[in-house]
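In what follows, a single structure is set out as structure tokens and then discussed.
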Amino acid sequence: MELSLNIRCALAQLAGKLSKYIIKLGRGMGKSFPGYIYLKIGKKECVSKLTSNLDIGSILITGTNGKTTTTKIIALLLGNDTDIIYNYESNTINAIITSLLDGNADLGVFEYGIRDIKHAIPDTVSRIIGPAGVVYTNVSREHSQIGGVKNPFEKYLKAKQLLSQPMKKGIVISNADDPRTAYIGKSKEEDVGVSYYGLDIDMEDKTPITGDIFCPVCNENLTYSKRYLNHRGIYECSCGFSRPDPNLKFTQLKAGKDRWQVKIEGEVFNYPTGKSIKLDFPVDVPSFGVHNLYNLLCAAITYVTFTPQPKRIEKTTQEIFNSLDLSILPPGRFEIFKVNGNKLVGMGQGDNGDALKANIQFMQTYAGDEIAEQTGFIYTTPDEDEEEIFEDHFSSIISFNPRIVHVVPGRESVDAAQKYYEIIKEKLPADFYPLSHEDMEKRIGKISELVKESQYSYVIVSGCGPEQYMWGNLKSSCKSQQNR
Ligand SMILES: [Zn+2]
């Protein structure tokens with residue numbers, strides 16, 4: 001019995017590795033095909049053998065925003081102290097197994113994106129991989145419809161929860177400031193160790209919250225005493241549910257133009273040594289917004305929890321954070337740069353309500369709270385059946401109150417964009433440009449022109465749109481005008 005299993009796993013390994021070399025694969029496919037072959041032949045039992053090659057185990061990172069950035073920073077931190085294998089932008093079990101085929105290491109660090117239960121298999125993935133850690137960034141409303149099927153928020157939250165549900169050992173790492181991830185953490189406290197992270201800084205989100213934030217326990221409205229970024233903050237409910245005390249915090253934020261200084265404080269359980277570690281030291285990070293501060297803090301606590309070399313924590317964290325720059329962020333990231341000498345432009349993806357709001361907040365942190373009166377806003381809309389994303393976007397734009405909103409389709413449907421425009425123009429001065437998805441060059445050309453010819457000192461361009469195809473190319477196009 002054991003022999004035949006060994007043979008099957010060896011075969012699966014061979015086939016998986018061979019498929020890496022034999023087939024000339026595109027980048028996306030190459031990340032998952034060998035894993036697909038391995039799982040097909042070897043089944044779950046062989047994957048368990050693969051994962052047992054990792055001395056400490058695997059860490060899975062999930063959430064709505066910031067997964068890729070967080071995973072990359074975790075890999076930099078842990079990779080500085082020990083041998084790791086890692087994979088980001090992977091959304092399937094096959095992609096994770098493909099990485100596992102790379103061989104022996106102390107730790108595996110894997111991003112795992114979950115949109116809904118139907119298209120992902122979070123609890124199955126958790127059972128197959130047997131993670132030592134599941135890490136939650138945050139949970140916000142996003143794609144409310146996938147493949148033509150409504151995906152209510154409760155199901156979406158449940159899908160995220162399922163990734164840690166089968167865990168019997170290891171550590172769950174949760175954002176204390178996000179009531180949804182805090183709820184998932186609290187529900188695991190009886191089974192495994194749970195570590196929380198949260199902010200303790202002066203900066204505050206004064207704009208109204210987008211959408212109602214219900215208590216995940218009793219469905220009543222949550223009361224906030226402070227909000228750092230939309231629904232992330234310090235909250236409580238009459239039922240007793242409240243923000244957990246963070247094990248690791250960022251405190252004493254000093255926000256400069258290019259770099260921010262912040263202190264790391266807390267006491268965190270270190271999984272490889274089984275010891276609690278006290279931390280209290282300053283770090284220096286790029287100034288890239290509160291949303292990225294959360295990504296950094298999430299990466300820091302994951303690193304502290306899983307490094308086999310706790311003595312190196314302070315030095316490694318300071319060195320890696322010091323060396324970070326904006327290139328760690330994805331191509332669609334929100335960036336601030338100058339066009340035509342003195343016009344300040346903030347441009348980048350804001351695919352859901354939280355992300356767009358974070359972009360506005362970042363622009364305000366950078367240029368001042370009062371900029372709205374001198375700002376033109378170019379809004380790239382969501383698609384058909386994404387009304388919930390639009391509602392969240394709309395409330396952020398209204399509360400910001402720019403001088404004009406230029407509405408451009410961000411995704412495929414021009415009709416949907418027009419429909420959203422009709423709603424916007426009831427409340428704010430607006431105009432509409434029905435530019436198709438197919439002729440992206442034209443769309444990018446028009447947006448660049450709007451930026452260049454805007455009569456305002458500040459321009460924000462944000463909303464939905466494909467990462468590289470639209471945002472990456474649009475940013476290059478506008479930056480090429482920088483010195484003209
Ligand atoms: Zn409640």
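The values are calculated or read from the model by the stated rules, or taken from the named source; none is laboratory data. Keep in mind the model is a prediction, meaning the values are calculated, not measured. Neighbour counts run over all protein chains shown; Cβ positions are idealised from the backbone, glycine included.
Tabulated results
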item	result
Count - residues of segment 29-85 that are buried (at least 21 other Cβ atoms within 10 Å of the Cβ), hydroxyl-bearing (Ser, Thr, Tyr), outside any strand (DSSP E or B) and in the same structural domain as Asn104 (by TED's automatic domain parsing)	4
Looking only at segment 190-231, and only at residues there that are more than 16 Å from the ligand (Cβ to nearest atom) and either aliphatic (A, V, I, L, M) or assigned by TED's automatic domain parsing to the domain that holds Glu391 (or both), the one that is surrounded by the fewest Cβ atoms within 10 Å (Cβ to Cβ)	Met203
Residue count, segment 366-395 (criterion: touching a Phe, Trp or Tyr at 6+ places or on another chain (Cβ under 7 Å) and either free of Cβ contacts under 8 Å to residues at least 24 places away in the same chain or over 30 Å from Asp258 (Cβ atoms) (or both))	3
Failed condition for His406, given (1) at pLDDT below 95; (2) touching a Leu at 6+ places or on another chain (Cβ under 6 Å)	(1)
Matching option when the condition is β-branched (Val, Ile, Thr) and modelled with pLDDT of 95 or more, among Thr207, Thr181	Thr181
Cross-chain or 6+ apart pairs with Cβ under 7 Å, segment 226-238 first and among the β-branched types (Val, Ile, Thr), then assigned to a strand (DSSP E or B) and within 16 Å of the ligand (Cβ to nearest atom)	Ile234/Tyr224; Ile234/Ser225
Residue that is surrounded by the fewest Cβ atoms within 10 Å (Cβ to Cβ), among those in segment 452-464 that are of a type outside the set (S, T, N, Q) and at pLDDT 95 or above	Tyr456
Residue list for segment 261-275, restricted to those being out of contact with any Ser or Thr (no Cβ under 6 Å at 6 or more places or on another chain) and assigned to a loop (DSSP other than H, G, I, E, B)	Pro272, Thr273, Gly274
Selection within segment 202-233 - more than 19 Å from Asp392 (Cα to Cα) and of a type in the set (Lys, Arg)	Lys226
Members of segment 234-258 that are surrounded by 15 or more Cβ atoms within 10 Å (Cβ to Cβ) and within 16 Å of the ligand (Cβ to nearest atom)	Ile234, Tyr235, Glu236, Cys237, Phe241, Ser242, Arg243, Pro244
Count of segment 316-327 residues which are touching a helix residue (DSSP H, G or I) at 6+ places or on another chain (Cβ under 9 Å) and free of Cβ contacts under 8 Å to residues at least 40 places away in the same chain	2
Flag if Ile398 is assigned to a helix (DSSP H, G or I), in contact (Cβ under 8 Å) with a residue 60 or more places away in the chain and more than 23 Å from the chain's Cα centre (by Cα)	no
Residue in segment 352-371 that is more than 24 Å from the chain's Cα centre (by Cα), over 26 Å from Val109 (Cβ atoms) and at pLDDT 90 or above present	yes
Any hit, segment 370-390, residues being in a helix (DSSP H, G or I) and under 20 Å from Glu438 (Cβ atoms)	no
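Matching residues to (1) under 30 Å from Arg312 (Cα atoms); (2) in contact with a Leu (Cβ under 9 Å, 6 or more places away or on another chain):
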position	(1), (2)
Val194	yes, no
Thr207	no, no
Pro216	no, yes
Leu222	no, no
His231	no, yes
Arg243	no, no
Leu248	yes, yes
Val262	yes, yes
